[in-house]
Amino acid sequence: MAYHYNNTILSNVYNYYQTDLSVRSSSRYDAHNRSDLKKVYKSIVNMSKDSPVFLLKDVKAVEEYTIHMKESAIRFRNSIASLGGLDESTMFEQRTVYSSDPDVIEAEGINVSEDESFSMTVEALATSQETIGSFLPEMELSLPPGSYSFDVSTNSNYELQFNIGENDTNRSIQDRLARLINLGLNASLISNQSGKAALAIRSSTTGTTTDGQQPFSITDENTSQQKGIIDYLGIRDTSSLAQNARYTVNNEAFESPSNHLLLDGKYSIRLKGVGGTEDSPVIVGVKPDYESLKDNIISLAGSYNNFLQAASKYLDQHPRTNLLVGTLKEMSAGYAPIFSNAGITQDGSGTLSVNEDQLSVALGSSKAEETLDSLKNFTQATLRKATQIQLNPMDYVDKRIVAYRNPHISHYANPYVTSAYSGMLFNGYM
C-alpha cells in the first residue's frame, strides 16, 4: 500500500507541473515500441549504478525545473524526429521527383531517396470507349408502345427491359435508359444547338480488356422482348474506340490500359499528353527538394532556439544550467563559419537566426553537401545532449553530494533512484 501511495503522489506531482506549467502537445513520436522502452530503461539503470548519493534543497522548485527541462528535451527530440534526424542517414535527405515536360508527363515519388533519372516518350494516351446516340426531338416518339429489351455486355452480361407507354417521349425514354445503363458504364444525355438530345455512353475505365476487346457492347439480337430500340436511339455502334496508352521508358516500348502508371514501385506517373521523341525524350528524375530542405532547416533553428530558451530562463534559480547553455552555445559556435555562409548566424544569447534568401542560394550551390553535413553533425550533437537531459534532468540541478560510489568496484542498480527521479517513469507518460 505504501509503495502504491508513494507512486500516486509522484504521478500527481508530475501531472500537476506538466499540465499547468508546461504545454505538452501530443505527437506520434511519443509512441515507443518495446525495444525503445528497453533501451531507455537500460540507460537509466546504467546511469543509476554509478550515480552519487545527494540531497536536494527546495524540492518543489526542483520538481518544476526537472519536469520542464525533461519536457523541453522531449519537444526538441520530437521536432528533430519529424525532420528524420533520429537517423543521421535520413536527415535532410528530402528528394522530389521532377518531369522535364509536366504537360506530357506528371511525376511524383514514393519514398525516393537516390538521385536517378530515366527517359520517356508518350505515343498515345489511354482512352475510353464512347458511344454517342442519335439526336432526337425531345417531345416526339416514333416507336409503338410495348415491352422492349436489349443486352449490355461489360465484365458481365445484362438484359435491360422496359416498357414504352402512350405518353412517353424520346426524352423520357432517354432519361430512363440513362439510369438503367449505369452498370459499370457512364451514361448521360447531351443536347445540340437544335434542342435535340442523345444518349452518351462511356466506359468507366480506359483502355481495352486483357484480351484486346472493347470494354462494352450493346446488342438486341438475342433479347427476350421487342427489338429495335438500340437502332432507334443510335447506340448500337461505337463512336470512339477505347485504346491503351503507348509509351516508352529508356527506349523500351510498353502499353497500359491506364494513364496512371507505377514504375519500379516508387514513381507515380500520370500521362497527360502525347510528346517526347527518341532524340528529345521527356526526362523523369529525382533531385534534392530545396524548398523542403529550407523549411526543415528553419524548423531546426526554431526548435533549437526554443530548447535553448527553455534552459536559459532557469539560469538565476539553477546556476548549474549555465553548463548546459554554455555547451549548446559552444556546439553552434563551432559550426559558425559554415553556418554563416548558409545565412545561419548566432547572436550573443546563442539564438540562431536564418536568412532565407541566403540559405536558398547556399542549398543550390556546389557547397550544399558540406552545409548539410555540418547541419547533420550539429543536430546529432544537440540531440545527444537532449537525450541525456531526457534520461536524467537531475544532472543540472544544484545538489549536495553525500557520497560517491567507489569507482573501483561494480555496483548494482538502485531501483528507488530510478523510480523517483532518473527518467521520471510514470504511468501514462512513456
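The values are calculated or read from the model by the stated rules, or taken from the named source; none is laboratory data. The structure displayed is predicted, hence computed values, not measured ones. Counting neighbours? That spans all protein chains shown, and the Cβs are built from the backbone with ideal geometry, glycine included.
Laid out as a table, the results:
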| item | result |
| --- | --- |
| Matching residues, region 136-153, being surrounded by fewer than 18 Cβ atoms within 10 Å (Cβ to Cβ) and part of a loop (DSSP other than H, G, I, E, B) | 137, 138, 139, 140, 142, 143, 144, 145 |
| Check on residue 300, in contact with a Gly (Cβ under 9 Å, 6 or more places away or on another chain), closer than 30 Å to residue 73 by Cβ and outside any loop (DSSP other than H, G, I, E, B) | yes |
| Options 123, 166: the member that is touching a residue at least 12 places away in the same chain (Cβ under 8 Å) and in a loop (DSSP other than H, G, I, E, B) | 166 |
| Checking residue 176 against (1) under 14 Å from residue 235 (Cβ atoms); (2) within 38 Å of the chain's Cα centre (by Cα); (3) among the charged types (D, E, K, R); (4) not in a strand (DSSP E or B), the condition it does not meet | (2) |
| Any strands (runs of 3 or more DSSP E) falling wholly within region 12-119 and containing at least 1 residues that are modelled with pLDDT of 65 or more and buried (at least 17 other Cβ atoms within 10 Å of the Cβ) | 95-99, 105-109 |
| Residues satisfying the stated conditions in region 245-275, i.e. surrounded by fewer than 18 Cβ atoms within 10 Å (Cβ to Cβ), part of a strand (DSSP E or B) and of a type in the set (A, V, I, L, M) | 253, 262, 263 |
| Residue 143, sole failed condition from (1) in the same structural domain as residue 226 (by TED's automatic domain parsing); (2) closer than 27 Å to residue 210 by Cα | (2) |
| Which numbered condition residue 221 fails, given (1) exposed (fewer than 13 other Cβ atoms within 10 Å of the Cβ); (2) not in a loop (DSSP other than H, G, I, E, B) | (2) |
| Residues satisfying the stated conditions in region 276-301, i.e. surrounded by 14 or more Cβ atoms within 10 Å (Cβ to Cβ), under 21 Å from residue 355 (Cβ atoms) and not basic (Lys, Arg) | 288, 289, 290, 292, 293, 295, 296, 297, 298, 299, 300, 301 |
| Filtered residues of region 362-384 (kept if touching a residue at least 12 places away in the same chain (Cβ under 8 Å) and acidic (Asp, Glu)) | 370 |
| Residue satisfying condition, being out of contact with any Phe, Trp or Tyr (no Cβ under 7 Å at 6 or more places or on another chain) and in contact (Cβ under 8 Å) with a residue 12 or more places away in the chain, within set 341, 322 | 341 |
| Unmet requirement for residue 195, which otherwise passes all of (1) farther than 29 Å from residue 259 by Cβ; (2) within 40 Å of the chain's Cα centre (by Cα); (3) not acidic (Asp, Glu) | (2) |
| Selection count, region 352-377, where residues are crowded, with 17+ Cβ neighbours inside 10 Å and of a type in the set (S, T, N, Q) | 2 |
| Among (1) at pLDDT 85 or above; (2) surrounded by 15 or more Cβ atoms within 10 Å (Cβ to Cβ), the one test that residue 330 misses | (2) |
| Among the residues listed as 224, 239, the single one being under 49 Å from the mean Cα position of the chain (by Cα) and either without any contact (Cβ under 8 Å) to a residue 12 or more places away in the chain or over 30 Å from residue 119 (Cα atoms) (or both) | 239 |
| Yes/no for residue 238 being within 21 Å of residue 149 (Cβ to Cβ) and in a loop (DSSP other than H, G, I, E, B) | yes |
| In region 195-218, residue farthest from residue 130 (Cα to Cα) [restricted to those that are in a loop (DSSP other than H, G, I, E, B) and of a type outside the set (S, T, N, Q)] | 195 |
